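The values are calculated or read from the model by the stated rules, or taken from the named source; none is laboratory data. Bear in mind that the values here come from a model prediction, so they are computed numbers and not experimental data. Here the Cβ is made from the backbone with ideal geometry for all residues, glycine too, and neighbour counts use every protein chain on show. Heavy atoms of the whole protein, side chains included, go into the accessibility calculation; ligands, DNA and RNA do not. Shrake-Rupley method; radii C 1.70, N 1.55, O 1.52, S 1.80 Å.
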Amino acid sequence: MVQKRVCVECCQILAEMTNIQPDIVNLMAFSDEAIFHTSGHVKRHNTIFWGTENPRVIREHECDSPKVNVWCTVTAAGVIRPYCFDIPTVTSDVYLQMVQQYAIDELPLQIGLAGYALTVRAYLDHTFPGRWIGRSGPLPWPPHSPDLTPCDFWLWGMVKERVYSRKILDINDLKDRIRTVISSIPREMCVRALNGTVARWLLCVNLLKPTCYVMHQPV
């Protein structure tokens, strides 16, 4: 019930902001990170695939295959070119350095959805006072809410499906493949995903069931 209340309260605020400024979602940037393995292994915890039928495919998984952690952002202007971290574990200091040296220059935003680390929050409070959304942010974002952000309910599943449409040779091939796939995503698809995001917020507010999650409608 606590999770439902947090989701609904956040979506109510976002819905009110949308009522005041209908195109406000076009001023937002939704960022997230995902792990890509050269073996094609997909962690189902934060990646959702949708299909009209069961493909009944068995995929072998190579244990401890090389992997890369990728940061990406969805905006109305398109998907921002991805940032591939060169180390296996992304610490708060590494993430802050990425935000300072890369993300800020890339994001044409007035409102952003961002990270949780204390140092990152302090930097965002200074750089975007009152204009970022995240856990413990000016507008707290509900944790474990994959159906409410386009990175989770749309971007990563679609990108991984395309990246792994052929066998990955090595880590450099994987990074090149990720960049190629993301650069090919048309702006119109991002706009549809953002419009679908607003629709999900409104459904969450009006939902009376024990969970605020809604069924996915393909973009």
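Summary of computed values
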{"read-out": "Protein accessible area in the stretch 87-192, 1.4 Å probe - carbon and sulfur %", "value": "53"}
{"read-out": "Whole-Hz couplings from phi, Karplus 6.51/-1.76/1.60, listed for the stretch 127-143; x for Gly and Pro", "value": "7, 10, x, x, 10, 10, 10, x, 4, 6, x, x, 10, x, 8, x, x"}
{"read-out": "Projected label distance in nm at His144 and Arg187, using a 7 Å step from Cα toward the beta-carbon", "value": "3.9"}
{"read-out": "Proximal aspartates and glutamates relative to Lys67, as straight alpha-carbon distance under 17 Å, when same-chain residues fewer than 8 apart are discounted", "value": "Asp32, Glu33, Asp86, Glu161, Asp170, Asp173, Asp176"}
